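The values are calculated or read from the model by the stated rules, or taken from the named source; none is laboratory data. Since the structure is predicted, the reported quantities are computational estimates derived from the model, not experimental observations. Please note: Cβ atoms are built from the backbone with ideal geometry, for glycine as well, and neighbour counts cover all protein chains shown.
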């Protein structure tokens with residue numbers, strides 16, 4: 001079998017770096033049960049020794065470490081040509097955008113915020129380990145070609161296809177990081193499921209249909225998942241209320257647009273600028289009756305006009321605490337009937353052209369049961 005270590009965890013070495021013994025033990029037990037070769041270190045100095053000794057494929061590094069902190073350790077790994085290909089997942093208990101940007105700037109390949117879900121961690125390790133194995137392989141690619149070019153023609157064709165898939169995975173890593181931020185809001189509402197992913201792909205598909213550039217499509221794909229990040233600032237008794245909101249509660253709920261824009265304001269990153277705009281204006285309506293600014297028609301920026309349709313369509317076709325999901329065809333008719341009042345008529349026309357593709361996205365990104373956040377927090381927290 002060609003490069004069997006790419007898909008087999010027994011060929012993957014994972015280094016856990018955390019000064020919390022309980023967390024190290026939990027992660028070691030989980031990863032060993034999944035078949036990985038697991039090593040651990042309690043501080044940055046010990047981690048450097050282990051890296052030199054075992055040459056891990058993936059390193060899980062806590063942000064706050066004694067001796068050498070997580071950011072500094074990440075820089076040491078990524079600035080060394082001998083260790084640069086190690087997949088680094090930076091783990092932080094600080095749900096702060098600046099911390100995440102600092103981690104990415106230091107070279108981290110991925111970031112997770114405590115408490116995190118173990119299946120999610122497993123998926124990220126698998127992806128980064130695959131990338132690491134491919135990079136190791138490519139370092140000796142020329143020699144392999146010279147020795148096995150005739151014998152391995154079919155295998156090399158298969159590898160080429162796998163490399164194309166890996167390239168796509170690398171390209172989507174940044175989007176995955178945005179999803180992690182968006183899930184900070186999503187996890188507060190167990191009924192939202194895969195809502196942010198679906199709204200992202202709906203919005204990108206609509207943007208493609210109306211003829212936006214590939215750069216603009218990427219921007220809305222990256223920005224749309226953060227449309228409801230402002231719900232972090234909404235009290236649970238309102239956000240999770242199963243029944244109708246009072247007028248006072250509704251006014252508080254509407255504040256999530258302003259809160260979200262404030263969270264994302266001032267960034268130098270393009271897709272976060274787009275996300276700020278979407279967060280602020282995605283509840284504006286074409287006839288001017290929306291919120292928070294009451295903008296009308298083309299005074300509403302284009303990206304929020306697109307996301308507004310994607311967001312409402314997904315909300316209509318998804319179960320909510322106060323109602324069951326509406327059938328696709330009925331939801332589509334509702335969107336169609338709101339053209340010129342709630343929605344931009346031209347964007348509605350584009351939406352109707354691709355309704356079958358949007359339904360396919362909906363079916364591919366179904367809500368799944370995931371461990372409850374607080375149960376996982378209890379498991380990972382010290383007694």
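Observations on the model:
- Any hit, the range 84-96, residues being out of contact with any strand residue (DSSP E or B) (no Cβ under 6 Å at 6 or more places or on another chain), touching a residue at least 12 places away in the same chain (Cβ under 8 Å) and assigned to a helix (DSSP H, G or I): no
- Filter pass, residue 181 being within 23 Å of the chain's Cα centre (by Cα) and either modelled with pLDDT of 75 or more or closer than 21 Å to residue 362 by Cβ (or both): no
- Set 45, 78: member being surrounded by fewer than 19 Cβ atoms within 10 Å (Cβ to Cβ), within 24 Å of the chain's Cα centre (by Cα) and more than 24 Å from residue 182 (Cα to Cα): 78
- Of the residues making up the range 360-367, not a single one is touching a residue at least 40 places away in the same chain (Cβ under 8 Å), surrounded by fewer than 21 Cβ atoms within 10 Å (Cβ to Cβ) and part of a strand (DSSP E or B).
- Total residues in the range 318-330, condition in a helix (DSSP H, G or I) and either over 27 Å from the mean Cα position of the chain (by Cα) or on the phi > 0 side of the Ramachandran plot (or both): 2
- Taken over the range 1-30, residues that are modelled with pLDDT under 85 and not in a helix (DSSP H, G or I) amount to 5.
- For the range 311-330, the criterion of a residue being surrounded by fewer than 20 Cβ atoms within 10 Å (Cβ to Cβ), in the same structural domain as residue 225 (by TED's automatic domain parsing), under 18 Å from residue 207 (Cβ atoms) and modelled with pLDDT of 90 or more is satisfied by at least one position.
- If you go through the range 48-75 and keep only what is over 17 Å from residue 114 (Cβ atoms), outside any helix (DSSP H, G or I) and within 26 Å of the chain's Cα centre (by Cα), you end up with 56, 57, 58.
- Scanning the range 137-156 for residues that are modelled with pLDDT under 70 and within 23 Å of the chain's Cα centre (by Cα) turns up nothing.
- Enumeration of residues in the range 188-212 that are over 13 Å from the mean Cα position of the chain (by Cα) and modelled with pLDDT of 65 or more: 202, 203, 204, 205, 206, 207, 208, 209, 210, 211, 212
- When every residue of the range 101-109 is checked against the conditions, none turns out to be touching a helix residue (DSSP H, G or I) at 6+ places or on another chain (Cβ under 6 Å), assigned to a helix (DSSP H, G or I), over 25 Å from residue 160 (Cα atoms) and in contact (Cβ under 8 Å) with a residue 60 or more places away in the chain.
- Qualifying residue in the range 262-271 (condition: closer than 20 Å to residue 338 by Cβ and in a loop (DSSP other than H, G, I, E, B)): no
- Subset of the range 337-351 [part of a helix (DSSP H, G or I) and surrounded by 15 or more Cβ atoms within 10 Å (Cβ to Cβ)]: 347, 348, 350, 351
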